[in-house]
Structures are given as C-alpha cells and as structure tokens.
Amino acid sequence: MRSFKIGVFLSLGFLLYFTVSSAQANNFQQREDSILLEGSVFNNETKVENAIIRVYINNQLYKSVKVSRSNKFKTNLPFNQMLTIEIAAPGFHSKRFMMDTNVPESEKSRMRYTFDMDIFSEEEMKGVNTSLLDFPVGLVHYDEKKGEFVHDKKYTKQMKKEYFNLLEQAKLSERSGMEGD
C-alpha cells in the first residue's frame with residue numbers, strides 16, 4: 001500500500017512538473033493586454049539560429065528577443081502602436097516589416113500574428129547593391145472584416161518581386177565573377 005501511495009505521489013509530482021514546465025515554456029500565450037507575435041526565421045528552408053528580433057516604436061528600440069536554437073520565437077507587442085519589426089542574424093542581411101497594432105477595443109483579447117521570415121545570407125547577396133533591404137518587406141495591419149492581422153498583399157507582392165530581382169542580380173554577379181577567373 002505504501003509503495004502504491006509513493007507511486008501515485010511521484011506520478012502527480014511529474015504531472016505537475018510537466019504542466020508547470022509547459023506553462024513556463026508558453027508564457028507568451030494569449031495575454032489579453034498585448035498581441036502575441038510568433039514566428040520562425042529561415043534561409044532557403046534552412047533554420048537560422050542566433051537571430052535577434054528587434055521591435056522599434058518611433059525608431060526607438062522597444063525590445064529585443066533572441067531566437068531559440070530551433071529558429072522559433074514568441075514575444076508580446078503593445079497595442080495601438082506603429083511598430084518596426086527587424087529580423088537580424090550574424091552573416092545575414094536584416095529584414096524588416098511594419099506592423100500597425102491598432103485594434104478595436106472589443107477585439108483586443110487573445111490577439112496574435114504568426115509569420116515565417118526568409119532572410120538572405122551576406123554570401124548569397126555578394127556583389128549586389130542591397131540598399132533595397134532597408135525597406136520593409138511587408139506591412140501588417142488588423143482587418144476588422146476578417147478579425148485578424150493581415151499583410152498588405154499588393155505591397156508584399158511588389159517587394160517579393162524586387163527581392164527576386166536582387167537574387168537574380170546576385171546570381172549573375174557570381175557567374176560573371178567566376179567567368180573572370
């Protein structure tokens with residue numbers, strides 16, 4: 001009987017530990033006083049480690065978040081702000097997007113925005129003017145009809161086109177560099 005009680009006690013202890021650990025690992029989940037921003041950072045489908053997510057309000061650093069080894073991150077963002085979100089990593093060009101966090105008061109509970117960001121390595125952009133990368137790749141705002149955050153499709157489509165042009169220039173530059181050798 002005593003071993004049964006010890007077994008039950010240990011089982012409950014492990015269950016409690018894993019519940020607390022899980023809650024701590026997900027401590028950014030669905031706070032009602034902020035927007036949950038979560039995402040992943042890639043380079044051509046390869047996970048990018050050691051990235052840093054910087055959030056700016058009025059060009060002033062609001063917060064900085066280190067991306068975990070799994071390339072995923074979570075953070076909370078304030079409501080009613082125009083934010084610049086910058087994704088940076090050693091050996092890579094930074095990318096940015098703008099996010100308008102103005103949301104109707106009635107919609108503020110449990111807000112979230114999820115995205116994946118593909119960043120370019122410095123090596124793959126060698127020999128190309130990358131000043132275009134200083135511009136935001138996307139514009140995000142809350143769509144009341146959809147009841148969620150959305151990106152400006154027209155703007156994003158144009159920026160993707162420009163980014164693909166940069167990649168093509170980089171490939172041409174690399175080829176012409178090899179031919180010159």
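Taking LYS160 as the residue in question, decide whether it is exposed (fewer than 11 other Cβ atoms within 10 Å of the Cβ) and under 20 Å from GLY39 (Cβ atoms). Spell out how you get there, then give the answer.
Values: exposed (fewer than 11 other Cβ atoms within 10 Å of the Cβ): no; under 20 Å from GLY39 (Cβ atoms): yes.
It is false that LYS160 is exposed (fewer than 11 other Cβ atoms within 10 Å of the Cβ) and under 20 Å from GLY39 (Cβ atoms).
What are the residue pairs meeting all of these: first residue in the range 81-101, first residue more than 20 Å from ASN44 (Cα to Cα), second residue among the polar types (S, T, N, Q) and in a strand (DSSP E or B), Cβ atoms under 9 Å, and 6 or more apart or on different chains?
Once the first residue is more than 20 Å from ASN44 (Cα to Cα) and sits in the range 81-101, its partners that are among the polar types (S, T, N, Q) and in a strand (DSSP E or B) give MET98/THR84; MET99/THR84.
Looking at (1) more than 23 Å from GLY39 (Cβ to Cβ); (2) surrounded by 11 or more Cβ atoms within 10 Å (Cβ to Cβ); (3) modelled with pLDDT of 90 or more, which is the one condition that is false for PRO104?
(2)
Being closer than 26 Å to ASN165 by Cα, in the same structural domain as ALA170 (by TED's automatic domain parsing) and free of Cβ contacts under 8 Å to residues at least 24 places away in the same chain is true for just one of SER131, SER121. Which residue is that?
Result: SER131 is the single residue among SER131, SER121 that is closer than 26 Å to ASN165 by Cα, in the same structural domain as ALA170 (by TED's automatic domain parsing) and free of Cβ contacts under 8 Å to residues at least 24 places away in the same chain.
The values are calculated or read from the model by the stated rules, or taken from the named source; none is laboratory data. What you are looking at is a predicted structure, and each value in this text was computed from that prediction instead of being measured. With ideal geometry, Cβ positions are generated from the backbone for all residues, glycine too; neighbour counts draw on all protein chains shown.
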